[in-house]
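What follows draws every value from the coordinates through simple rules; no lab data is involved. Since this is a predicted model, take the numbers as computed values, not measurements. Cβ atoms come from the backbone with ideal geometry, glycine included; neighbour counts cover every protein chain shown.
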Protein chains: 2
Amino acid sequence: MFTTAEENYIKAVYHLQQAGKNVLTNDLAGSLQTKPASVTDMLKKLEAKGLLLYQKYYGVRLTNDGKKLALAIIRRHRLWEYFLVEHLQFGWDEVHEIAEQLEHVKSDLLTDKLDVYMGSPKFDPHGDPIPDSKGRIEVQQQVCLLQLKPGQGAAICAVTEQSSELLEMLRMKQLQIGTRLEVKQHFNFDNSMEIQVRNQPPFSISEQLAKHLFVKLK
Amino acid sequence: MFTTAEENYIKAVYHLQQAGKNVLTNDLAGSLQTKPASVTDMLKKLEAKGLLLYQKYYGVRLTNDGKKLALAIIRRHRLWEYFLVEHLQFGWDEVHEIAEQLEHVKSDLLTDKLDVYMGSPKFDPHGDPIPDSKGRIEVQQQVCLLQLKPGQGAAICAVTEQSSELLEMLRMKQLQIGTRLEVKQHFNFDNSMEIQVRNQPPFSISEQLAKHLFVKLK
DNA sequence: AAATATTTTTAGATTTGCCTAAAAAATATA
DNA sequence: TATATTTTTTAGGCAAATCTAAAAATATTT
């Protein structure tokens, strides 16, 4: 069994590792809101437990055990997010903090029963894939909205930033996870694009916004 | 906000207090599986936080704030137990440990939404009352099975011990929370009693067993 | 390449929650 | 009542997870 702190480190390493490049002490300190010195301490402990390989000054890489643990934590996190949004009527932008707590409840039986209860969802409310009990992830061919060509239809499946400013804007424009849209036009001048949702009048969104929206092609 | 350890102490004090008499260091050490010295340390801290009144060598009493906190924790615990049994199909005897973890997830909004989702249940799967969001408890006129007279009908609503031996026996005899029964006869010799479940043949249960079963009168 | 700046690690403290062993207080017994 | 027993507290320590400040390693500039 692992402590909450250990689990949080493993999860952070996994996410940074996924984002490419190798994971440095300072990156972890940043994403865990802690000091580099604390990170160094913990990395030594996690290496001793066989969850990651740690090379002084050079960075860190998860072992197979580490990856397995990370995926188990992410599975719990995303299942709970799904539960909170789909069953308890939370907004998809209010669930992160609560899921951060729930993900550390340790019971494989609970996780699996929750999964079955909800019909084994494959994606969480932010559009991120939910690993199965073996840690397998269904790869989603999702693409950035910016890359769509006029005429293509798609559904929003992920938002890569959670700032309240961005969420506010999505609320106003009635864009949410699952919203289906069609690209009408693309302006090379500022990379903005006209999109249409259902049969409402088309409207335009900026490059800055489109860049954070990922869609699943139909 | 309070730590998990603090919450567990407050909960333990509350339960011992409910059981009558004043709460001593050793009682707490027993029910928290810890050493008396640790209890003394924690009691000082909790007194400083205004959750209880602590008199050296004499015992401890919750303040209003302490009671409020205890009831909030118990509310979360019992709501989660209800969820685990009624929604996730756990047996009512397997949920305690998991609920011990879930009860420490801190979010009033979560608690309230969970409550609404399940239709604001008033009793958990063991028959214990669930405090409402203000900490009010619905008193249940439940009575020990031993006190029933022949001819009286009732439904099992609580089991006051969780030993696997007792649970095993209940399983064999097909007695569970909610089971309706009627008392057929009472033997003064050994205080055993004949009971009948539905229209099956009556059978007898010992005083030791009946003593741990509480029922709601019809 | 030397000097400067940044990143990372080490060393030494702190806090929380627990422990053991010994001292002090309360209770029971002779 | 004096003595023994039990309960509780104090004193001193330990492990986990964090911190600050200083030292060491690496990276960047000039």
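Taking amide hydrogens as placed 1.01 Å from N in the peptide plane, the amide H of A:Asp124 sits under 5 Å from those of A:Ile130, each at least 5 positions away in sequence or on another chain. Shown for B:Leu109, A:Leu84, A:Leu114: other C-beta atoms within 10 Å of each C-beta, ranked fewest to most, produce the order B:Leu109, A:Leu114, A:Leu84. Considering only alpha-carbon pairs that sit under 8 angstrom and 6 or more positions apart, the relative contact order computed for chain A is 15 percent.
The convex hull drawn around the Cα atoms of the stretch B:169-218, when projected onto a plane and averaged over every direction, covers 3.6 nm². Inter-copy label distances at A:Ser206, shortest first and taken from points set 7 Å along Cα to Cβ: 7.7 nm. By the gyration tensor of its Cα atoms, with a ≥ b ≥ c the square roots of the eigenvalues, what is the shape of the protein assembly as shown: rounded for a/c under 1.5, prolate for a/b over b/c, or oblate? The shape class here is prolate. Shortest first, B:Asp132 label-point distances to identical copies amount to 4.6 nm, with the label point at 7 Å from Cα along Cα→Cβ.
Here A:Lys184 is the anchor, and the lysines within straight C-alpha reach of less than 22 Å, apart from those fewer than 8 places off in the same chain, are A:Lys149, A:Lys173, A:Lys211, A:Lys216, A:Lys218. Under a 5 Å amide H cut-off, with hydrogens placed 1.01 Å from N, A:Cys157 pairs with A:Gly178, A:Phe214, A:Val215, A:Lys216 among residues at least 5 apart or on other chains.
When the scattering of chain B is computed by the Debye formula from its Cα atoms alone, each counted once and equally, what is log10 I(q)/I(0) at q = 0.10, 0.11, 0.16, 0.18 Å⁻¹? Here the Debye-derived log intensity ratios amount to -0.53, -0.64, -1.13, -1.27. Bridgeable aspartates and glutamates around A:Lys35 (alpha carbons under 13 Å apart, same-chain partners fewer than 8 residues away excluded): A:Asp27. Sparse packing (at most 12 other Cβ atoms within 10 Å of the Cβ) combined with a DSSP loop state is found for the following GluC sites (Glu not before Pro) in the stretch A:133-208: A:Glu138, A:Glu161. For the stretch B:110-123, backbone phi angles converted through the Karplus equation (6.51, -1.76, 1.60; θ = phi - 60°) give residue-by-residue couplings of 4, 4, 5, 5, 4, 4, 5, 3, 9, x, 6, x, 9, 9 Hz, Gly and Pro being listed as x.
For B:Val23, nonlocal amide neighbours, meaning residues 5 or more places apart or on other chains whose placed amide H falls under 5 Å from its own, are B:Val60.
Placing R0 at 41 angstrom, the Cβ-Cβ distance between A:Glu138 and A:Phe189 gives a FRET efficiency of 0.60 after rounding to 0.05. Working note: Cα gyration tensor of the stretch B:15-99, eigenvalues times five, square-rooted, sorted largest first, giving semi-axes of 29, 15, 11 Å. Can you return the lysines within cross-link range of A:Lys113? Criterion is Cα-Cα under 21 Å, with same-chain partners fewer than 8 residues away left out. Straight-distance partners of A:Lys113: A:Lys68, A:Lys122, A:Lys134, B:Lys113. Between A:Glu207 and A:Gln18, what is the FRET efficiency for a Förster distance of 25 Å, r being their Cβ-Cβ separation, to the nearest 0.05? That gives a FRET efficiency of 0.50. Each residue of the stretch A:178-188 is assigned a 3J(HN,Hα), and the resulting list reads x, 4, 8, 8, 10, 7, 9, 7, 10, 9, 5 Hz, derived from the Karplus form 6.51 cos²θ - 1.76 cosθ + 1.60 (θ = phi - 60°), x at Gly and Pro.
Filter the trypsin sites (Lys or Arg not before Pro) in the stretch B:85-145 down to the DSSP loop ones having no more than 14 other Cβ atoms within 10 Å, then list what survives.
Filter output for the stretch B:85-145: B:Lys122, B:Lys134, B:Arg136.
Under 1.5 on a/c is rounded, so check that first for the stretch A:70-193, then, if it is not, pick prolate when a/b is larger than b/c and oblate when it is not; a ≥ b ≥ c are the square roots of the alpha carbon gyration tensor eigenvalues. Judged from the Cα gyration tensor, the stretch A:70-193 comes out prolate (a/c at least 1.5, a/b above b/c).
Estimated from helical segments only, the mean residue ellipticity of chain B at 222 nm is -12500 deg cm²/dmol, where each DSSP H run of four or more residues counts as -39500 (n - 2.57).
For A:Gln196 and A:Lys45, a Förster radius of 51 Å and the Cβ-Cβ distance give a FRET efficiency of 0.45, rounded to the nearest 0.05. The chymotrypsin sites (Phe, Trp or Tyr not before Pro) found in the stretch B:1-68 that occupy coil by DSSP, while having at most 13 further C-beta atoms within 10 Å, are B:Tyr57, B:Tyr58. Here the Karplus relation 6.51 cos²θ - 1.76 cosθ + 1.60, evaluated at θ = phi - 60°, turns the backbone of the stretch A:42-48 into coupling constants of 5, 4, 4, 5, 5, 5, 4 Hz, with x for every Gly and Pro. Distance from the alpha carbon centroid of the stretch B:197-217 to that of the stretch B:109-149 works out to 22 angstrom. What separates the A:Glu6 label point from its copies, with the point 7 Å along Cα to Cβ, is 2.6 nm, written shortest first.
If you wrap a convex hull around the C-alpha atoms of the stretch B:126-210 and split its volume per residue, what is the figure in Å³?
Hull volume over Cα atoms, normalised by residue count, gives 105 Å³.
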